[in-house]
Amino acid sequence: MAAWRRDRGGEDGGAEARLVEEVGRLLEIFAEFLRSPEPLEGFSREGATRAMVAKISAIQHDLGRDAVGVIEDYASLRRCVWRFVEGRTDLHALDGGEVARFFVKLMQAADWVTERGLEEFEGIARAKMESDLGRATATDLLTGLPDRELFNRWLLPQAVEEHDRLALIVFDLVDFSGMVAGGNVPRAREALLGLAEAVEKGTPEGALRARFGDDEICVLLPATEPEEAYATAEAVLDNLSRSPEGLRADAGVAGYPEHGASSDELVGSVLWALKTAKRVGGGGIVVAR
C-alpha cells in the first residue's frame, strides 16, 4: 500500500486521503482473494466489491481523474501487489504452474476491478455532464441568471441543506405588466435588467441571485437574519429609485428557519410577504410573519 501511495496517492488530506483509505480496503479484498482457492466469481462478494469500486470512482472524479487516470490507478495497484509478492517470496522455489496460476488470478482480479471502475467512473462523469447541461439550459436568456425552475428545484434546496440560516428576498418591479400591456416591451426588458443590476450591486459577496418570475428577481443570502435582509432590500430599492428611469419595486423577505422549515415553506412565506408589500404599494418591503 505504501508503494501505491507513493505512486498514485498524491498529497495527504482531503480527497487524496479518502482515495488512499478506500484503495487500502480494496487491497485487503485483493489479498484475501489471492490467498483463497475461490474463482473470480467470488471476488465480487455479492456486490460488496463493486460498491467499494463505486466509492473509489466517485473520489477519482472529485480529484479530476480522467479515464486514463482511472486505468493507471488500478494498473499501479496490480504492479505494487506483484512487486510485493515478488520481493517477499522465493518464486524459484515454487512450482512454475503455481506461480502462473497466481499471476493469472491477479490479472483477472485487476482486470475485473478496472472494468467495473471505468463503468462506474463513466456513469458519474455522464451524470455530471447531464447536470451541467441541465443547468446551462435553465439559465434565463435575458438576465443571464438561473431561472426559477433551477432555483426552486436545485439551488434553494441545496442552500437550505448546507446552511443553518439564510434569508430570501424577492423583488417585484412596479408596473412591469403595464409596460408590456401598453406595448412597450423594450422598456419592460430594460426595467428588468435595471432591477437585476441593482440587485447585483446591492447584495454582498456570496449572495445567490436568480430570476424568480416574469418581473421578479430573487436573492438568497446565506448566514443572514431577516433584519439584515430587510436592510439589504432597502439599499437595493434605494439604488433602483436613483436610476435614470426612476424604477421602483416591491420586496418580500423571509428567513430560514424562522419562516419556513423547508425550501417550499420558505418560498411560501416570501410570496406572502411580497403579496402584502404589493398590496401596500409604493415600493414597500414586508418581512414574513
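Some observations on this one:
- Scanning region 207-219 for residues being crowded, with 16+ Cβ neighbours inside 10 Å and either among the acidic types (Asp, Glu) or not in a strand (DSSP E or B) (or both) gives a total of 3.
- Test: residue in region 173-185 that is under 32 Å from the mean Cα position of the chain (by Cα), surrounded by fewer than 22 Cβ atoms within 10 Å (Cβ to Cβ) and touching a residue at least 60 places away in the same chain (Cβ under 8 Å): no
- Residue match in region 76-88 (condition: of a type in the set (A, V, I, L, M), open to solvent by less than 60 Å² (accessible area, probe 1.4 Å) and within 32 Å of the chain's Cα centre (by Cα)): yes
- Subset tally (residues that are at pLDDT below 95, among the hydroxyl-bearing types (Ser, Thr, Tyr) and either open to solvent by 70 Å² or more (accessible area, probe 1.4 Å) or in contact with a Lys or Arg (Cβ under 7 Å, 6 or more places away or on another chain) (or both)) for region 236-271: 1
- In the set 193, 240, only one residue is touching a Gly at 6+ places or on another chain (Cβ under 9 Å) and farther than 22 Å from residue 153 by Cα; that residue is 240.
- Residue identified as surrounded by fewer than 16 Cβ atoms within 10 Å (Cβ to Cβ) and part of a helix (DSSP H, G or I) among 5, 45, 50, 18: 45
- Where residue 274 falls short, out of the listed (1) closer than 23 Å to residue 144 by Cα; (2) modelled with pLDDT of 95 or more; (3) open to solvent by less than 20 Å² (accessible area, probe 1.4 Å); (4) part of a helix (DSSP H, G or I): (1)
- For region 220-269, filtering for residues that are assigned to a helix (DSSP H, G or I), polar (S, T, N, Q) and within 22 Å of residue 148 (Cβ to Cβ) leaves 3.
The values are calculated or read from the model by the stated rules, or taken from the named source; none is laboratory data. Small disclaimer: the values here were computed from a predicted structure and weren't measured. As a convention, Cβ positions derive from the backbone with ideal geometry for all residues, glycine included, and neighbour counts pool all protein chains shown. What goes into the accessible areas is simple: the full protein's heavy atoms, side chains included, and nothing from ligands, DNA or RNA. Shrake-Rupley method; radii C 1.70, N 1.55, O 1.52, S 1.80 Å.
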